[in-house]
Structure formats: structure tokens, C-alpha cells
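Inspection log for the structure reproduced underneath, given as C-alpha cells.
The values are calculated or read from the model by the stated rules, or taken from the named source; none is laboratory data. Quantities reported herein were computed from a predicted structural model and do not represent experimental measurements. All Cβ positions, glycine included, derive from the backbone under ideal geometry; neighbour counts span all protein chains shown. When the accessible area is computed, the model is the full protein with side chains, heavy atoms only, and any ligands, DNA or RNA have been set aside. Shrake-Rupley method; radii C 1.70, N 1.55, O 1.52, S 1.80 Å.
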Amino acid sequence: MKKIKNTLFSNKPVTINDNSLIMAIESSCDETACAIVKGGREVLANVVASQIKTHEKFGGVIPEIAAREHLEAVNVVVEEAFKQAGVNGNDITAFAGTVGPGLVGCLLVGMNAAKSLALAYDKPFIGINHLNAHLAANFIDTDLEPPFIALLVSGGHTQIIEMKSYSELSIIGETIDDAVGETYDKVARLIGLPYPGGPKLDKMANEGNPQAFKLPEGKVDGYNFSFSGLKTASLRLVKSFTDKNLPLPLADICASFQECVSSTLYKKVKHALEETGYKQVVLAGGVAANSEIRRKIFSLQDLGYKVFAPQMKYCTDNASMVASAAFFFEHTFDNIDVEVFSRV
Ligand code: KG4
Ligand code: ZN
């Protein structure tokens, strides 16, 4: 049970318990999302408006255009969430919003919409770190409790996190250069797959031979990662065909790339589990939707570990995970004055 005291008008302490309904808004990148979650685990409404169609034309997210689209979509997703859950603003215990990391203009739209709702209904506002939200996606519809080791793989981050309790969370390893999702998207673009390339590369990889080409795994100490060498090696591999005007063996390149990434992640996670002695592991972030990364991490079950990964719809950006983080995490920004931030 958690007490929050930041209602602006009455300043009355609000208790969050298993019956509490939290409405959250997520707008850190190219999805405008709103959700209502009961007791941190039960999703009553999950609405996502994706901007993929808009950004496809440019081959990536254009921040100004994204912010404008959030502005157009935010009221629509909020209304739809109220309708899906069959509740109104007075039934909500607290309003949450992602405050960072992400695109500043985009974050401002969602966070201020959530703050406005909190002010209008005289309820607390809870600011959420987007990365904590990705972790919290694992609490939805499960009985997961800390302690655990988490592998967080998204468009901008690649981290191994030790979560001892709801208030003790530390990053024990991270990428020293590119994030996994970023590497997927760059290599996908290189071989001509349209934005967002990650899921398309994943699909194509399933039709190829993962042993066709040997690509280098980044050699970094401890639980850290490096993917820039793999990116350069993939570029060279592609060039070795295009220079000779040969057709690209697309499926084999994708499968070999996916094998390299997934085995690097698997080895580091296994190492972290062995050294720390944790018995539970969770997968989080947009790239947690990847078929081969999921398969390898779930194979840790054969070694006696309990493995969790969010359902597909809660892997990529959504607001249910934000509401769940607002419910479970001790370190939130329970302050109406909090500002957005672009990087951790
Ligand atoms: O977590 P997310 O929705 O946004 C960030 O917080 O960054 O993650 C988006 C990233 C993109 O790079 C996208 O290409 C990647 O996740 N992604 C995938 C797959 N699905 C999404 N990468 C590889 N395989 C997938 N199936
Ligand atoms: Zn994300």
C-alpha cells in the first residue's frame, strides 16, 4: 500500500491499494497511449494510437511531427480508455504519465495531459520513468514479485538490471554504444527493409540459416554490451554482395544477425544469473517481442529459472505498463512540478 500526497487543491493524502484504478498516458516516442489498470496487474483499458504510417515515409521518427500527432491523438485515446473501462475521471485514484527518457516535445504532450486530468479531478499525478514502465509490463496478469534480474532491450536502451525490491533497482550492465533495437533498425534499413525494421528483420530471420555467416559478438567486460562492431560487420557483409552486383541473401543475413544478437544477450543474462544467484529473470522493452531472443531467454527455464516476458502487446510502447509502474515502483516522481527529461 502506497500513500501519495500531491493533489494540488485539497492536498489530501491518497492511498493506493489493490482496488485502485490508475489511468496512465504514454507519449515518449511514436505511440500515443492511454490505459486504466486496477491494482497494478489487471488491465481495464489499453488504447494505443500508432504513428508508424506517418513516420514510415521518412524512414524514422521526426520529433516535431510526432509531437503534433500526439497532440491530435491524446484526447481521443483518453476518451476511448474511459469508454473501454466503463469508468469516469472521478473513479480514477491517480493519473500517471511518462516523464522521460524520450523525445521532449512528445513527452510534454502526454505528461501535461495527465497532469491536467489530475488537476481537474483533484487526484495525484505520478511521473514515471519509461524504462521502469517497460519492466513493470511484466507485472500485468502475472504474480511476479522482486527479486529478479531483468534484460531490458528497447530502441534506445540495452541494460541488465538487478531488482532487489520495489525500491531497490540497479543497472549492473549496459551497452557502451548502440542499443539492440537501434542496431536492428539500422541493419534493417541497410538491407532495404522499411521502418520500423526490427520486427521485419525478425520475421525474415525465421526463414534463413542462422549459421550462414559468422558475425562478431561484441567483446566487453562484465555485463556490458557493444553492438557497433556487429553493425560495421553487417555493413561489410552487405557490401561484399552489392559490390559484385550479387543479390543479397536476405533471409540468411537476417538469421545470422539475429543469432549473433540473441546469443550475446543470452550469455550475458545467464552469466548475471549465475553470479548473482537470482532465480527469476524478466525480459522487457520493445525488442522483448523478438522471437529468437524470447526463445533463448525462455530456454533458461530448462536450467531451473523462472522466466517472465510481457505479452506481445505490452512489449512495445503502451500505457498499461506506465500505470503498472505507478502502482508498484517506490521511486516515482510524485510531484506535480516534475519536468520531462530526454535522457537518463
Ligand atoms: O520499447 P520500444 O517500443 O521503444 C523504445 O522505448 O525505444 O522499442 C522499439 C524498438 C524498435 O527499435 C523496434 O525495431 C524494436 O523495438 N522491435 C524489435 C521487434 N519488435 C520491436 N526488434 C527486433 N525484433 C522484434 N520483433
Ligand atoms: Zn519504449
*Hey, does segment 70-82 have a residue that's over 21 Å from residue 125 (Cβ atoms), open to solvent by 60 Å² or more (accessible area, probe 1.4 Å) and in contact with a helix residue (DSSP H, G or I) (Cβ under 9 Å, 6 or more places away or on another chain)?*
no
*How many residues, within segment 183-201, are within 8 Å of ligand 1 (Cβ to nearest atom) and surrounded by fewer than 21 Cβ atoms within 10 Å (Cβ to Cβ)?*
1
_Residue match in segment 281-292 (condition: farther than 17 Å from residue 157 by Cα, within 15 Å of ligand 1 (Cβ to nearest atom) and at pLDDT 95 or above)_ = yes
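Here is a yes/no grid of residues against (1) surrounded by fewer than 19 Cβ atoms within 10 Å (Cβ to Cβ); (2) within 15 Å of ligand 1 (Cβ to nearest atom):
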position	(1), (2)
297	no, yes
306	yes, no
312	yes, yes
316	no, yes
325	no, yes
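Taking only segment 152-182 into account, find how many residues are of a type outside the set (Lys, Arg), away from ligand 1 (no atom under 13 Å from the Cβ) and part of a strand (DSSP E or B). It would help to see each step written out before you state the result.
Taking segment 152-182 as the starting set, the residues that turn out to be of a type outside the set (Lys, Arg) are 152-163, 165-182.
Right, trim to away from ligand 1 (no atom under 13 Å from the Cβ) and you get 160-163, 165-174, 176-177.
Narrowing further to those that are part of a strand (DSSP E or B): 160-163, 165, 168-174.
Residues meeting the conditions: 12.
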*Looking at (1) in contact with a helix residue (DSSP H, G or I) (Cβ under 6 Å, 6 or more places away or on another chain); (2) in a loop (DSSP other than H, G, I, E, B); (3) away from ligand 2 (no atom under 16 Å from the Cβ); (4) in contact (Cβ under 8 Å) with a residue 60 or more places away in the chain, find the lone condition where residue 310 falls short.*
(3)
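Considering only residues that are open to solvent by 30 Å² or more (accessible area, probe 1.4 Å) and out of contact with any helix residue (DSSP H, G or I) (no Cβ under 6 Å at 6 or more places or on another chain), look in segment 145-155 and name the one that is farthest from residue 275 (Cα to Cα). Show your work before the answer.
The first filter runs over segment 145-155 and keeps only residues open to solvent by 30 Å² or more (accessible area, probe 1.4 Å), leaving 145, 147, 155.
Subsequent filtering for residues that are out of contact with any helix residue (DSSP H, G or I) (no Cβ under 6 Å at 6 or more places or on another chain) retains 145, 147.
Working: 145: 20, 147: 14 Å.
So, considering only residues that are open to solvent by 30 Å² or more (accessible area, probe 1.4 Å) and out of contact with any helix residue (DSSP H, G or I) (no Cβ under 6 Å at 6 or more places or on another chain), the one farthest from residue 275 (Cα to Cα) is 145.
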_Members of segment 238-281 found to be assigned to a helix (DSSP H, G or I), closer than 22 Å to residue 225 by Cα and either more than 22 Å from the chain's Cα centre (by Cα) or among the hydroxyl-bearing types (Ser, Thr, Tyr) (or both), listed by number_ = 253, 254, 255, 256, 262, 263, 264, 266, 271, 274, 275, 276
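Could you tell me whether any residue of segment 237-249 is more than 23 Å from residue 215 (Cα to Cα), of a type in the set (Phe, Trp, Tyr), at pLDDT 95 or above and open to solvent by 20 Å² or more (accessible area, probe 1.4 Å)? Lay out the reasoning, then the answer.
Let us first name the residues in segment 237-249 that are more than 23 Å from residue 215 (Cα to Cα), namely none.
No: segment 237-249 contains no residue that is more than 23 Å from residue 215 (Cα to Cα), of a type in the set (Phe, Trp, Tyr), at pLDDT 95 or above and open to solvent by 20 Å² or more (accessible area, probe 1.4 Å).
Of everything in segment 202-214 that's assigned to a helix (DSSP H, G or I) and crowded, with 18+ Cβ neighbours inside 10 Å, which residue is nearest to ligand 1 (Cβ to nearest atom)? Show your work before the answer.
So the first thing to find is which residues in segment 202-214 are assigned to a helix (DSSP H, G or I), and the list is 202-205.
Going one step further and asking which of them are crowded, with 18+ Cβ neighbours inside 10 Å, we end up with 202, 204-205.
Details: 202: 4, 204: 10, 205: 9 Å.
Here the residue is 202.
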*If you go through segment 4-51, how many residues are of a type in the set (A, V, I, L, M), open to solvent by 50 Å² or more (accessible area, probe 1.4 Å) and within 16 Å of ligand 1 (Cβ to nearest atom)?*
1
*Given the residues 158, 142, 175, which is the only one that is open to solvent by 10 Å² or more (accessible area, probe 1.4 Å) and within 16 Å of ligand 2 (Cβ to nearest atom)?*
175
